[in-house]
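**Q** One structure, as structure tokens, below. Some questions next.
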Amino acid sequence: MPALQCDFGRRKGLAQGSEEREGSFPHVCRAVMRKMRRRDCQSTHKNTRRGVKTRGLQLRSKRIHQKAMSKRRIANGEQKMIIAISGLSGCGKNTVGEKVAAKLGLRPIQFSFKDEAKRRGVSLMDIQALASRDSALDKQLDDKIVAEASKGNCVIMTWLGPWMVKDADLRVWLDASEEERARRVSGRDKMSLAEALEHVRKRDANNRERYKRFYGINIDDRSIFDLVVNTGRFNPEQSSEIIVAAAKQLRYVKKYELG
């Protein structure tokens, strides 16, 4: 009781205007309350940080799971995506298309006159000349492309792919100036810039005329394309990322799950 009386006396003295002494009951109470408030604030802050971190880990885990499930569905044939990439000579169809296929886990399809010329042991322009006289070569190649594309989950990298594959999900045109395309062909095929420029012009003109005559297709009409990428401005890696982003958005819109 004496201790209680002493504390009460101190409280009473303080209420009457006396100074609060260190170690007094009011002083100790206020110190304890301040400590408890600090501890509560620290605990709240810590829990908040932990909650944010936990939610971040949960979202990251969910994205990884969705991506894995999407790849599994592609492998099992449950989910199909067909991307058709076209463009004039030297625009980067194969280079960009292969990167897109690798990033999305799709099959690359790139049957072309270059492959046929290599198989026959003749020049590309020899095959072009043969195709101009006989439509069978073009149609044989196109039938092969359409048959492969019908299996789904692929990136088609051919001149007429966007027109021939009717159920393509995403049609992309790669654009670049004539000079830029000639520069690439010059480096790829080991020819002078002047020779490459002549080659590009001749091949483009031949394809324009042949496709119009055999199929009624105007390859300068870009109205069927969902996306046009300037490969003179963006390098192959950047161009492929643009196409991949568009494909992912398309899958999202179609209610596909892709991480």
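The values are calculated or read from the model by the stated rules, or taken from the named source; none is laboratory data. All values derive from a computational prediction rather than experimental measurement. Note that each Cβ is placed from the backbone with ideal geometry, even for glycine, and that neighbours are counted across all protein chains shown.
**Q** Considering only residues of the stretch 103-123 that are under 27 Å from Ala245 (Cα atoms) and either touching a Lys or Arg at 6+ places or on another chain (Cβ under 7 Å) or small (Gly, Ala, Ser) (or both), which is modelled with the lowest pLDDT?
**A** Applying the filter and picking the extreme gives Ser112.
**Q** Being touching a strand residue (DSSP E or B) at 6+ places or on another chain (Cβ under 6 Å), crowded, with 17+ Cβ neighbours inside 10 Å and of a type in the set (D, E, K, R), is that true of even one residue in the stretch 130-142?
**A** First pass over the stretch 130-142, keeping only residues touching a strand residue (DSSP E or B) at 6+ places or on another chain (Cβ under 6 Å): none.
No - not one qualifying residue is present in the stretch 130-142.
**Q** Kindly list, by first and then second residue, each pair from a residue in the stretch 167-189 that is within 28 Å of Leu106 (Cα to Cα) to a residue that is small (Gly, Ala, Ser) and surrounded by fewer than 21 Cβ atoms within 10 Å (Cβ to Cβ), limited to pairs with Cβ atoms under 8 Å and residues at least 6 apart or on different chains.
**A** Partner pairs satisfying both residue conditions: Leu170/Ala246; Val172/Ala246; Asp175/Gly232; Ala176/Gly232.
**Q** For Gly232, all conditions in the list (1) part of a helix (DSSP H, G or I); (2) surrounded by 13 or more Cβ atoms within 10 Å (Cβ to Cβ); (3) of a type in the set (Gly, Ala, Ser) hold save one; what is the number of the exception?
**A** (1)
**Q** Any idea which of (1) surrounded by 19 or more Cβ atoms within 10 Å (Cβ to Cβ); (2) more than 20 Å from Ala136 (Cα to Cα) is the one Val165 doesn't satisfy?
**A** Every condition holds for Val165 apart from (2).
**Q** Scan the stretch 68-88 for residues that are part of a loop (DSSP other than H, G, I, E, B) and at pLDDT below 95 and jot them down. Break it down into steps so the answer makes sense when it comes.
**A** Kept after step one, since they are part of a loop (DSSP other than H, G, I, E, B), are these residues of the stretch 68-88: 76-81, 88.
Residues satisfying the conditions are Asn76, Gly77, Glu78, Gln79, Lys80, Met81.
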